[in-house]
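Single-structure report; data block below.
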Amino acid sequence: MCRSCKKACACGERTAEIFFGRDILNEKAIKGVYCPKCSGDVDTHSAGTVYDNGWVLELDMDVITFSAPLMGILPGEVTADRVFDEGYATWVGITPNESETRDRERAEILKLAEVDLSVYLRAMKKWGMERERRFTEEGWRKMQGGGKQNAGERRE
């Protein structure tokens with residue numbers, strides 16, 4: 001069973017939900033989370049940071065390196081980007097708070113099922129397609145082919 005945890009960003013105004021794939025890492029692997037408002041002073045070129053659309057996830061590279069063999073990664077080849085992109089410590093969903101926004105949006109559409117099932121089904125399909133398009137246009141890392149484009153943009 002895989003775990004997740006919610007972490008408040010450094011300024012305390014927003015929360016990110018972090019998923020630990022394959023149940024290898026845990027909360028100890030997370031040093032900090034920074035929303036777009038509080039990420040401005042964070043060194044996004046640091047080996048332990050993952051940049052995603054203004055958000056920064058800071059990983060504890062000592063914990064990550066120690067766990068690298070369990071992830072099938074040689075300690076010398078472990079990077080925060082790789083750990084994030086391969087799902088060992090990543091957002092739950094596409095964005096840091098997607099589970100909250102998804103549940104809220106879905107609840108609104110679910111009300112249509114009580115009125116007209118066919119309208120509900122069309123609304124769900126449209127909602128799913130629009131979310132995918134929106135996430136891609138906004139530049140979320142998981143929608144950019146594993147973060148390669150986003151990582152390259154921040155590190156040039």
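The values are calculated or read from the model by the stated rules, or taken from the named source; none is laboratory data. Just so you know, these numbers come straight off a predicted model, no measurement behind them. Using ideal geometry, Cβ is built from the backbone for each residue, glycine included, and neighbour counts are taken over all protein chains shown.
So the values come out like this:
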read-out	value
Residue check, Ile94 in contact (Cβ under 8 Å) with a residue 40 or more places away in the chain, assigned to a loop (DSSP other than H, G, I, E, B), of a type in the set (A, V, I, L, M, F, W, C) and crowded, with 18+ Cβ neighbours inside 10 Å	yes
Residues located in the range 52-91, provided they are of a type in the set (Gly, Ala, Ser), modelled with pLDDT of 95 or more, part of a helix (DSSP H, G or I) and surrounded by fewer than 18 Cβ atoms within 10 Å (Cβ to Cβ)	none
Condition met for Asp103 (closer than 23 Å to Thr136 by Cβ, acidic (Asp, Glu) and exposed (fewer than 15 other Cβ atoms within 10 Å of the Cβ))	yes
Enumeration of residues in the range 11-47 that are at positive phi, in contact (Cβ under 8 Å) with a residue 40 or more places away in the chain and among the small types (Gly, Ala, Ser)	none
Qualifying residue in the range 32-51 (condition: polar (S, T, N, Q), touching a Leu at 6+ places or on another chain (Cβ under 9 Å) and in a helix (DSSP H, G or I))	no
